[in-house]
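Please read the structure below before turning to the comments.
What follows is calculated from the coordinates using simple rules that are stated; it is not laboratory data. Because the structure is a prediction, the values reported are computed rather than measured. Don't worry about glycine lacking a Cβ; one is built from the backbone with ideal geometry, like all the others, and counts go over all protein chains shown.
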Amino acid sequence: MSNIRISTDNCTSSRHRISRIDTTSDCLSSRGGLVLFARYLEGIALLPHLERLFGSIRKNGKGLSVQSLFTQIFCFMVDGTSRHLTYFDELRQDTGYAAVIDTPASKMASSHQIKRFLAGFSFVRIWLFRQVLQQLFLWRLRLEQPEVVILGMDTMVLDNSEADVRHGVEPTYKMGVKGFQPLQITWGRFIVDAVFRGGSKHSNDGDTAIKALEHVIKFIRTRYRKVPVVVRMDAGFFDQKIMASLEALDVGYLIGGKLYKSIRQEVDAAPAECWKQFSPADDGDTWLFQALLDKRKSWSTSRYAIFMRRTNEDGQGILDFARRESIIYTNIAPDTAPGKALMAAGHEDMLGSRALIGLYHDRGHDELVHRALKDFCSEELPCKRFEANAALYFMRLIAFFLMETFKEDVCPGVIELRSYATRLRRRVIDVAAKIVRTGGRTIMKVTEAAYRALKLDVLWERAGEPPRIVWG
């Protein structure tokens, strides 16, 4: 038998192997990127406004300030390591974490302090969170200066089936899911207003949707400027009251409708030349559509509608019995106030059946905002009282809004704007760092590779000079 020589070139030499684990007194953190978010949070000047609105929760001068509590809660949510409030007890012992969020170790909150803070919120104070969201909305409107504001409205189910004894946890429209079902208004990547509700509340429950839309639209026109506003919603909001309310405000709408038998009979009886074809540029689907005027029995007026029937999916033909059909109701036309406003703003391209179908199909981007929110935070809400859960929910919405603006204001060139929270955390937040104090200064040190890859010198400057919020 020949001698076999085993090469040890690729084996780790004994001197490079870890032989034991020990502790260090160095101030270290695995969340070094949080220093950028904490610096950004201070730079936009939001915290003084939160102190003004919610400072009365603090009954005496002892304990932590409201600003400090909000800072720690927002950083906890952006970090996303744990969804449990008891994790604050671990963070309280982590001097490295306290250093990166610029908070003295003695001022770190415990889980009991966070719970007491949440318990102090009443329905009146919870309403103030909506004011904060709308001011954040105004902040971005003034920065982006859009000529047309396109809003989306939908509900989002929060699965709390594991704790169905909590106040407000009720069966939702999803099979076997109990939880909450807040109503949310979106603009681009942002949630700009919301109503926290129990799980059994359907999309158009009561007058909540109408009141929320009226409030946001009037806010846009009084605080920003009078621009064309378009609202798109699914069939869950198909209600003459909503359409009449938006028509009275001269707001354009695109609402999914119900496919009544009489509508199908009308479009099927129409001559072939009434049908036109629509093919979105980003997929292989083909739709046939037909524009018509429709008036339900209880309606006082006729309304424009577009009936659609999909004939191809991913380039493949669909048999008649399997074709998807849908209908959209709208008041956007050359002879209506919303249509004239769009033309005056130079957006004639948004008129016409094909443009409206494309605009309605873009509702998928509105739904992605809900998916991004669920990636950002857990669906479960831990408190027993409805008010405490509502307060935590709105804090999540504000933290989510700030994370989106943080990506836009601080992280261009490092992370894509459409990236979810998980990507931001792995790329920017989860950075190993060492905090040292020398010469009367506190310095955070990272590896040279991380410094260059993330362009941390650039991110540091951007985080320190963000666009400030001007309350208006």
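Among the aspartates and glutamates, which have Cα under 18 Å from the Cα of LYS211 when same-chain residues fewer than 8 positions away are ignored?
Those aspartates and glutamates meeting the cut-off are ASP154, ASP193, ASP234, ASP239, GLU247, ASP250.
Looking at GLY168, LEU246, GLY43, which one has the Cα that reaches farthest to the positive end of the dipole of the chain (charges on Cβ: Lys, Arg +1; Asp, Glu -1)?
Farthest along the dipole direction, towards plus: GLY43.
List the equivalent ellipsoid semi-axes of the range 90-175 in whole Å, largest first, each obtained as the square root of 5λ for an eigenvalue λ of the Cα gyration tensor.
31, 26, 14
Which helices, counted as full DSSP H runs in the chain, have an axial Cα extent of no less than 18 Å and a Kyte-Doolittle average of 0.5 or above?
66-79, 386-409
How much of the DSSP beta bridge set in the chain is antiparallel, as a percent to the nearest 5?
If we restrict to bridges inside the chain, about 85 percent are antiparallel.
Run down the lysines and flag those whose C-alpha is under 18 Å from the C-alpha of LYS407, throwing out any fewer than 8 positions away in its chain.
Candidates past the 8-residue exclusion: LYS374, LYS455.
Sort MET343, MET108 so the one with the fewest other Cβ atoms within 10 Å of its own Cβ comes first.
Listing MET343, MET108 from fewest to most nearby Cβ atoms yields MET343, MET108.
With Kirkwood's inverse mean 1/r over C-alpha pairs for Rh, give me the Rg to Rh ratio of the range 123-376, two decimals please.
0.98
Given THR23, THR330, LEU53, which one lies farthest toward the positive end of the charge dipole of the chain, if we put +1 on the Cβ of every Lys and Arg and -1 on the Cβ of every Asp and Glu?
It is THR23, whose Cα lies furthest towards the positive end.
Any lysines with Cα under 17 Å of the LYS258 Cα? List them, leaving off those in the same chain fewer than 8 positions away.
Within the straight-line limit of under 17 Å, LYS258 reaches these lysines: LYS241, LYS295, LYS297.
Quick check on the chain: what are the equivalent-ellipsoid semi-axes from the Cα gyration tensor, as sqrt(5λ), descending, whole Å?
47, 29, 22
Quick one: plug the Kirkwood hydrodynamic radius of the range 120-264 (C-alpha pairs) into Stokes-Einstein at 20 °C, 1.002 mPa s, and report D in µm²/s.
For these conditions, the coefficient is 130 µm²/s.
Where Lys and Arg each count +1 and Asp and Glu each count -1, what net charge lies around TYR173 among other residues with Cβ under 14 Å from its Cβ?
Around TYR173, the surrounding residues sum to -1.
Starting with the fewest neighbours, write out GLU273, GLU380, GLU416 ranked by other beta-carbon atoms found within 10 Å of each beta-carbon.
Least to most surrounded, the residues fall as GLU273, GLU416, GLU380.
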